[in-house]
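K.L.:
Let me give you the structure first, and then I'll get to my questions.
The values are calculated or read from the model by the stated rules, or taken from the named source; none is laboratory data. The shown structure was predicted, so the numbers you read here are calculated from the model rather than taken from an experiment. All Cβ positions, glycine included, derive from the backbone under ideal geometry; neighbour counts span all protein chains shown.
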Amino acid sequence: MKNTSIGIIGLGYVGLPLAVAFASKYQVIGFDINEIRIKELNKGFDSTNELTPGQLSKVMGCSLKLTTVLEDVSDCTTFIVTVPTPVTSSKSPDLTPVIKATESVSKVLKKRDTVVYESTVYPGVTEEVCVPILEEKTGLKFNEDFFVGYSPERINPGDKKHTITKITKVVSGSTPETLKNLSALYGSIIEAGIYEAPTIKTAEAAKVIENTQRDINIAFVNELSIIFSKMGIDTHEVLKAAGTKWNFLNFFPGLVGGHCIGVDPYYLAFKSEALGYTPEMILAGRRINDSMPTFIVSQIVKHLLKQNKTSQNAKALILGATFKENCPDLRNSKVVDLFHELKEFGFKADIFDPEADPETFLKEYGFQKLSTLSKNQYDVLILAVSHDSFKELNPKELIKEGGVVFDVKGFYKDKDFLYL
Ligand SMILES: NC(=O)c1ccc[n+]([C@@H]2O[C@H](COP(=O)([O-])OP(=O)(O)OC[C@H]3O[C@@H](n4cnc5c(N)ncnc54)[C@H](O)[C@@H]3O)[C@@H](O)[C@H]2O)c1
């Protein structure tokens, strides 16, 4: 393994920390098609906030080189693909980035090389979609001339405790020897240890069900909050009471966005439907979670009506725009749905999120986010994302007298606020 040189294809939330971790032991070349990202990283700035300039500068220029030129990875012997796996507007898997990255790898693939996929996919993508591309474009023979593996990534952006080397890594390979080699390669950097999956499809399925399970569990508590709101029961109090049983699972209602939990179930559902089975629970979970912005706004409007107030021209402030706490990632955030729902009811809505980059926010939302907050301005305040920095805010100071606070995350634990 001493001569192993690793090419990482795609340097986002997953690829960059992986590249830096491998660079502690190996020569690593990181390749990305995004020139701005590479320029920023080469200056020591990681816009995902996963790595500090110090962590980058330790390896940059010595064991780690970052590039937008494909030929720079041509001497690598192991390629690891960490590109996005989004869904289309009709919620089908969009494998374009995986296919394009595979085509790029095929231009530099040599005999005895190994290609590992880390992107989250449905079972079968590595062997049924990617391998045929690699064979066709290179003329090389699978499992004779080149080998593949699949190793899902389990990082949790914004989580500084469960970082890449501290999470057990599931590894699989197309031959027993490939599995042994990949297990040793990953094992040399992952402190938490390696789990060898028996097949590539097992490893692909394991990852996609981790996120699907989370989605379904959150959908269950979201559904409970819809039921209990009709009964006038506080869902958080119910969950606290039920949580005293040893085997009650600890999940809380909320918005499910981002490009993992809210997306991966569609990958599994797609493959299932292609095989003739329409998954009931998986898609029901998705529908419930996607309906939560509408439910939250309906609760607020009902509350205003009870006070003989209207939503027309009422001023609303949303705290948080990113898809999760302490993370700058705005992609597929359900806060944008919340915002549009408020607008439909005639609210004038502002968003405040110090974690989000102003330019990316403008691109994603089409308007400017607030840069400062003023007191006594709002009829409604919605805490949508529980960034640590919001602990310093006092929502009661931001609303007008008689205003209402909807605490989606149960963050402030104030008895005067509305909750899911
Ligand atoms: N972000 C997470 O929390 C997380 C966790 C576990 C698994 N995953 C999975 O890992 C994969 C990557 O996710 P991410 O969050 O790192 O995505 P990302 O969007 O942050 O990064 C992907 C990078 O790949 C680059 N890219 C796109 N197409 C390319 C191509 N053809 N060649 C080279 N580079 C290309 C993009 O420019 C981008 O920099 C996805 O499948 C995702 O579901 C993500």
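K.L.:
Sort through S119, S57, S63, S106 and tell me the only one that's hydroxyl-bearing (S, T, Y) and exposed (fewer than 15 other Cβ atoms within 10 Å of the Cβ).
P.N.:
Being hydroxyl-bearing (S, T, Y) and exposed (fewer than 15 other Cβ atoms within 10 Å of the Cβ) holds for just one of S119, S57, S63, S106, which is S57.
K.L.:
Would you check if there is a residue in segment 4-22 being on the phi < 0 side of the Ramachandran plot, among the aliphatic types (A, V, I, L, M), out of contact with any Ser or Thr (no Cβ under 9 Å at 6 or more places or on another chain) and within 14 Å of the ligand (Cβ to nearest atom)? Walk me through how you get there before you give the answer.
P.N.:
Step one: of segment 4-22, the residues on the phi < 0 side of the Ramachandran plot are 4-9, 11-22.
When the remaining residues are screened for being among the aliphatic types (A, V, I, L, M), the result is 6, 8-9, 11, 14, 16, 18-21.
Of the ones still in play, those that are also out of contact with any Ser or Thr (no Cβ under 9 Å at 6 or more places or on another chain) are 20.
Those still in the list that are within 14 Å of the ligand (Cβ to nearest atom) too: 20.
Scanning segment 4-22, I find at least one residue that is on the phi < 0 side of the Ramachandran plot, among the aliphatic types (A, V, I, L, M), out of contact with any Ser or Thr (no Cβ under 9 Å at 6 or more places or on another chain) and within 14 Å of the ligand (Cβ to nearest atom), so the answer is yes.
K.L.:
Oh, and also: Can you name every residue in segment 77-118 that is in contact (Cβ under 8 Å) with a residue 40 or more places away in the chain, part of a loop (DSSP other than H, G, I, E, B) and within 11 Å of the ligand (Cβ to nearest atom)?
P.N.:
T82, V83, P84, T85, P86, E118
K.L.:
Then there's this: Being part of a loop (DSSP other than H, G, I, E, B) and modelled with pLDDT of 95 or more is the requirement here; does E144 meet it?
P.N.:
Against the criterion (part of a loop (DSSP other than H, G, I, E, B) and modelled with pLDDT of 95 or more), E144 qualifies.
K.L.:
Here is a follow-up. Of all residues in segment 26-54, count the ones that are of a type outside the set (F, W, Y), surrounded by fewer than 18 Cβ atoms within 10 Å (Cβ to Cβ), away from the ligand (no atom under 12 Å from the Cβ) and farther than 26 Å from K107 by Cα.
P.N.:
5
K.L.:
Can you tell me which of I216, I155 is touching a helix residue (DSSP H, G or I) at 6+ places or on another chain (Cβ under 6 Å) and at pLDDT below 95?
P.N.:
Working: I216 fails: at pLDDT below 95.
Within the list I216, I155, the selection yields I155.
K.L.:
Return a yes/no flag: does segment 122-134 have any residue that is within 30 Å of P265 (Cα to Cα), part of a loop (DSSP other than H, G, I, E, B) and free of Cβ contacts under 8 Å to residues at least 60 places away in the same chain.
P.N.:
No, that holds for no residue.
K.L.:
Is there a residue in segment 147-169 that is touching a strand residue (DSSP E or B) at 6+ places or on another chain (Cβ under 6 Å), surrounded by fewer than 17 Cβ atoms within 10 Å (Cβ to Cβ) and outside any strand (DSSP E or B)?
P.N.:
The answer is yes, given that some residue of segment 147-169 is touching a strand residue (DSSP E or B) at 6+ places or on another chain (Cβ under 6 Å), surrounded by fewer than 17 Cβ atoms within 10 Å (Cβ to Cβ) and outside any strand (DSSP E or B).
K.L.:
Moving to a separate point now. Looking at (1) outside any helix (DSSP H, G or I); (2) surrounded by 15 or more Cβ atoms within 10 Å (Cβ to Cβ), can you tell me which one E191 breaks?
P.N.:
Unmet for E191, out of (1) outside any helix (DSSP H, G or I); (2) surrounded by 15 or more Cβ atoms within 10 Å (Cβ to Cβ): (2).
K.L.:
Still on this structure, I have one more. Of the conditions (1) at pLDDT 95 or above; (2) under 23 Å from S119 (Cα atoms); (3) not hydroxyl-bearing (S, T, Y), K161 clears all except one; give me its number.
P.N.:
(1)
K.L.:
Is it true that some residue in segment 355-366 is aromatic (F, W, Y), more than 22 Å from Q299 (Cβ to Cβ) and surrounded by 11 or more Cβ atoms within 10 Å (Cβ to Cβ)?
P.N.:
Among the residues of segment 355-366, at least one is aromatic (F, W, Y), more than 22 Å from Q299 (Cβ to Cβ) and surrounded by 11 or more Cβ atoms within 10 Å (Cβ to Cβ), which makes the answer yes.
K.L.:
Let me ask something else. Scanning segment 215-233 for residues that are buried (at least 17 other Cβ atoms within 10 Å of the Cβ) and of a type in the set (G, A, S), which turns out farthest from C260 (Cα to Cα)?
P.N.:
Looking at residues that are buried (at least 17 other Cβ atoms within 10 Å of the Cβ) and of a type in the set (G, A, S), I get S229.
K.L.:
Could you say whether any residue in segment 271-279 is within 16 Å of the ligand (Cβ to nearest atom) and surrounded by 17 or more Cβ atoms within 10 Å (Cβ to Cβ)?
P.N.:
Checked against the condition, which is being within 16 Å of the ligand (Cβ to nearest atom) and surrounded by 17 or more Cβ atoms within 10 Å (Cβ to Cβ), segment 271-279 yields at least one hit.
K.L.:
Would you mention how many residues in segment 387-409 are surrounded by 20 or more Cβ atoms within 10 Å (Cβ to Cβ) and either at positive phi or of a type in the set (G, A, S) (or both)?
P.N.:
The qualifying residues number 1.
K.L.:
Can you name the condition, by its number, that F147 falls short on among (1) within 15 Å of T82 (Cβ to Cβ); (2) away from the ligand (no atom under 16 Å from the Cβ); (3) among the aromatic types (F, W, Y)?
P.N.:
Evaluating F147 over (1) within 15 Å of T82 (Cβ to Cβ); (2) away from the ligand (no atom under 16 Å from the Cβ); (3) among the aromatic types (F, W, Y) leaves (1) as the failure.
K.L.:
In segment 24-31, is there at least one residue being within 25 Å of S183 (Cα to Cα) and charged (D, E, K, R)? Give the steps one after another, and end with the answer.
P.N.:
From segment 24-31, those within 25 Å of S183 (Cα to Cα) are 24-31; that's our starting set.
Checking which are charged (D, E, K, R) leaves us with 25.
Looking through segment 24-31, at least one residue is within 25 Å of S183 (Cα to Cα) and charged (D, E, K, R).
Yes/no matrix, rows are residues, columns are (1) out of contact with any helix residue (DSSP H, G or I) (no Cβ under 8 Å at 6 or more places or on another chain); (2) under 30 Å from A356 (Cα atoms); (3) more than 16 Å from the ligand (Cβ to nearest atom):
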residue: M231; (1), (2), (3): yes, no, yes
residue: A242; (1), (2), (3): yes, no, yes
residue: G257; (1), (2), (3): no, yes, no
residue: L268; (1), (2), (3): no, no, no
residue: M281; (1), (2), (3): no, no, yes
residue: Q299; (1), (2), (3): no, yes, yes
residue: K315; (1), (2), (3): yes, yes, yes
residue: L319; (1), (2), (3): no, yes, yes
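K.L.:
Are any residues in segment 117-159 over 16 Å from A203 (Cα atoms), under 15 Å from the mean Cα position of the chain (by Cα) and not polar (S, T, N, Q), and if so, which ones?
P.N.:
P157, G158, D159
K.L.:
Follow-up question, since we're still on this one. Please enumerate the residues belonging to segment 256-274 that are more than 14 Å from L95 (Cα to Cα), out of contact with any Asp or Glu (no Cβ under 8 Å at 6 or more places or on another chain) and assigned to a loop (DSSP other than H, G, I, E, B).
P.N.:
Of everything in segment 256-274, those that are more than 14 Å from L95 (Cα to Cα), out of contact with any Asp or Glu (no Cβ under 8 Å at 6 or more places or on another chain) and assigned to a loop (DSSP other than H, G, I, E, B) turn out to be G257, C260.
K.L.:
If only one of K201, K137 is away from the ligand (no atom under 16 Å from the Cβ), in a helix (DSSP H, G or I) and either surrounded by fewer than 20 Cβ atoms within 10 Å (Cβ to Cβ) or of a type outside the set (A, V, I, L, M, F, W, C) (or both), which one is it?
P.N.:
K201
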